[in-house]
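Visitor: For reference, the structure I am asking about is given below.
The values are calculated or read from the model by the stated rules, or taken from the named source; none is laboratory data. Note that the structure is a prediction, hence the values are computed from the model and not measured. So basically every Cβ, Gly included, is an ideal-geometry build from the backbone, and we count neighbours across all protein chains shown.
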Amino acid sequence: MALRRFFGFSDGELCRSDVKPCSRLMRHTAGLFTVGGGLAFWILCRLHYGPRITVPRTLRWIGCGALSVSSTSALLVRLFSPECEPQNIAAYDKQK
């Protein structure tokens, strides 16, 4: 699923054996960007609604921000990270 080979950034070589597996890299990135997305959308909600802000509206914006930013960042990691190329997933990700 990685687009690195399509854009010419990859030559198909394996990464070093001490790199993070793709699944863990995606999980850590999504977790970090969940917090950042929630905070960013909370700020946007406060700017947009001003004094008309309510708690349910704020929680809805935070949830949408956390979900959208974390899933987008995980997708971008999956598409453009060298650890997520098919040969590296086959070599280093543990199948459960």
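Visitor: Would you confirm whether any residue within the stretch 23-38 is among the charged types (D, E, K, R) and exposed (fewer than 13 other Cβ atoms within 10 Å of the Cβ)?
Guide: So far as the stretch 23-38 goes, no, none of its residues is among the charged types (D, E, K, R) and exposed (fewer than 13 other Cβ atoms within 10 Å of the Cβ).
Visitor: Still on this model: Please enumerate the residues belonging to the stretch 68-88 that are part of a helix (DSSP H, G or I) and touching a Ser or Thr at 6+ places or on another chain (Cβ under 8 Å).
Guide: Val69, Ser70, Ser73, Ala74, Val77, Pro82
Visitor: Could you run through the stretch 15-28 and say how many residues are hydrophobic (A, V, I, L, M, F, W, C) and in a helix (DSSP H, G or I)?
Guide: 3
Visitor: Right, another one. Name the single residue, out of those in the stretch 73-96 being touching a residue at least 24 places away in the same chain (Cβ under 8 Å) and among the small types (Gly, Ala, Ser), that is nearest to Arg24 (Cα to Cα).
Guide: Ala74
Visitor: In the list Gly50, Gly12, Gly31, Gly37, which residue meets the criterion of being under 24 Å from Glu83 (Cβ atoms), at pLDDT below 95 and not in a loop (DSSP other than H, G, I, E, B)?
Guide: Gly31
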